[in-house]
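The values are calculated or read from the model by the stated rules, or taken from the named source; none is laboratory data. The model shown is predicted, which means the values in this text are computed figures rather than measured ones. Cβ atoms come from the backbone with ideal geometry, glycine included; neighbour counts cover every protein chain shown. Ligands, DNA and RNA are stripped out before the accessible areas are found, and what is left, the full protein with its side chains, is counted by its heavy atoms. Shrake-Rupley method; radii C 1.70, N 1.55, O 1.52, S 1.80 Å.
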There are 2 protein chains.
Amino acid sequence: MDNKKELKIDDNQDKSTERLIFQAAKDVFHRKGLAGARMQEIADEAGINKAMLHYYFRTKEKLFEAIFNEECSGFFAKLAELINVDLPLLDKIEFFVENYIDLLMKNSYIPVFIISEMHHNPERIKDLFIDRIVSVKHKFLGDITTAVSLGLIRPIDPRQLIVNIMALCIFPIAARPMLTFMMEMDDNEYTEFIELRKKEVSKFIINSIKIN
Amino acid sequence: MDNKKELKIDDNQDKSTERLIFQAAKDVFHRKGLAGARMQEIADEAGINKAMLHYYFRTKEKLFEAIFNEECSGFFAKLAELINVDLPLLDKIEFFVENYIDLLMKNSYIPVFIISEMHHNPERIKDLFIDRIVSVKHKFLGDITTAVSLGLIRPIDPRQLIVNIMALCIFPIAARPMLTFMMEMDDNEYTEFIELRKKEVSKFIINSIKIN
DNA sequence: AAACACCTTAACCGTTTGGTTAATACAAAA
DNA sequence: TTTTGTATTAACCAAACGGTTAAGGTGTTT
């Protein structure tokens, strides 16, 4: 056939190897962390030769950094979306909590991954944070300050409130193994428990800061 | 001198080498995690020969387990102390939060250590938890249920309340690097921030559950 | 068809790793 | 004094590790 070329199905899978590596590396790094991950295991999971890892990403460290950056960026981008929604503060908190917990459950490995790797190497994230998360936080911080001065919520240090909100959303996902043992839950009970939190947490927060 | 033996100064330092190893291993495992820690680094930090590690604790895994168990046990023991104190629920929460945050700050590496290592190997802790933390939790859970049925606090799933309390205490210590970047705090500001939380968190919780 | 650029592989390499061994020091027991 | 059990060390080892190399494959350009 002389029209073989034309008949070829969509070609934009060219980078499939790189993507294969990236996805496999993600999974392995999530499970084992930077230090615990093995290049061979990543290669096996991607179904390709180990040398390819070094062809596309020069070193283990660089491969890890590529993933860590992408994960953080994507995650903080979604975080910003949630915070920038235009709602009165109390509604915004409700909206945020519900969707943030949802987002965390769909990426349940990310909290431990970030907390753990930042603990082992706090410097890594510095550049990532500047201008990305700080600006988002400033907006939220301003919202709270305004609400306090308008008497919509009781006086509270905005930083403490933000940390409280994050803590209530993130901790139960990060500490899942501890919680399931402690509360003697199986996987289904845990999922249901988190599902209930979507309403419970925002009620808990709003109850605490609203002025009756 | 024929009374040499009698004159010898207190002998109970015999296990000093084992303790030296144990302490050094603690520090290194806390910093690097199980996978990231190197036996040579532990030996260097203890100031002894690497072979001694294997003499006292057969393998890296066994050394790690010894430390992980001791850390968890000691930590949960103190946790139980705090929960078993005899006070009305709201006072108990206030007492607990203040002292728990204090305890966490004095062992600030433990939350990430436990969360991270449980994530990488959830099975490890199973035996540790049974009978230790579960019984403690049962008491607290009972206290809350009673308080709800007596109308002292608003109706709330006791499990959710416990998780909320733990989250508000543990998360800011576990996620320290993230918080300090986000809030643009230095070490002193962070310490002060946590110090303020001791009052703020219990106020936050009690505000949310008390019946006016 | 030759030249070129990119992808892929098997085999290899130097180093680091957890772990072992054989020899030694040393104090208490016999 | 000899024996015995414990503590300690330097030297060593096999396996695993991250990373390299040299060669070949494949489609595109000239």
Unique residue being open to solvent by 10 Å² or more (accessible area, probe 1.4 Å) and of a type in the set (A, V, I, L, M) when the list is B:I156, B:I165, B:I144, B:I194: B:I156
Take the conditions within 15 Å of DNA strand C (Cβ to nearest atom) and assigned to a helix (DSSP H, G or I) and apply them to B:A43. Does it pass? yes
Does any residue of segment B:186-209 turn out to be hydrophobic (A, V, I, L, M, F, W, C) and in a loop (DSSP other than H, G, I, E, B)? no
Would you mind telling me which numbered condition in (1) in the same structural domain as B:V201 (by TED's automatic domain parsing); (2) within 30 Å of A:I110 (Cα to Cα); (3) hydrophobic (A, V, I, L, M, F, W, C); (4) out of contact with any Lys or Arg (no Cβ under 9 Å at 6 or more places or on another chain) B:I101 fails? (4)
Take the residues of segment B:46-68 that are within 9 Å of DNA strand C (Cβ to nearest atom) and not in a helix (DSSP H, G or I): which is farthest from the other protein chains (Cβ to nearest Cβ)? B:N49
Residues located in segment B:48-90, provided they are open to solvent by 40 Å² or more (accessible area, probe 1.4 Å) and of a type in the set (S, T, Y): B:Y55, B:Y56, B:T59
So B:K139 passes all but one of these: (1) more than 10 Å from every other protein chain (Cβ to nearest Cβ); (2) open to solvent by less than 20 Å² (accessible area, probe 1.4 Å). Which condition number does it fail? (2)
All but one of (1) within 15 Å of DNA strand D (Cβ to nearest atom); (2) modelled with pLDDT of 90 or more; (3) among the charged types (D, E, K, R); (4) assigned to a helix (DSSP H, G or I) hold for A:K5; state the number of the condition that does not hold. (2)
Which condition breaks for B:D131 when tested against (1) under 28 Å from B:I67 (Cα atoms); (2) modelled with pLDDT of 95 or more; (3) in a loop (DSSP other than H, G, I, E, B)? (2)
If you scan segment A:175-184, which residues turn out to be at pLDDT 95 or above and either open to solvent by 70 Å² or more (accessible area, probe 1.4 Å) or more than 18 Å from B:H120 (Cα to Cα) (or both)? A:R176
Would you call B:S108 more than 13 Å from the chain's Cα centre (by Cα) and assigned by TED's automatic domain parsing to the domain that holds B:F76? no
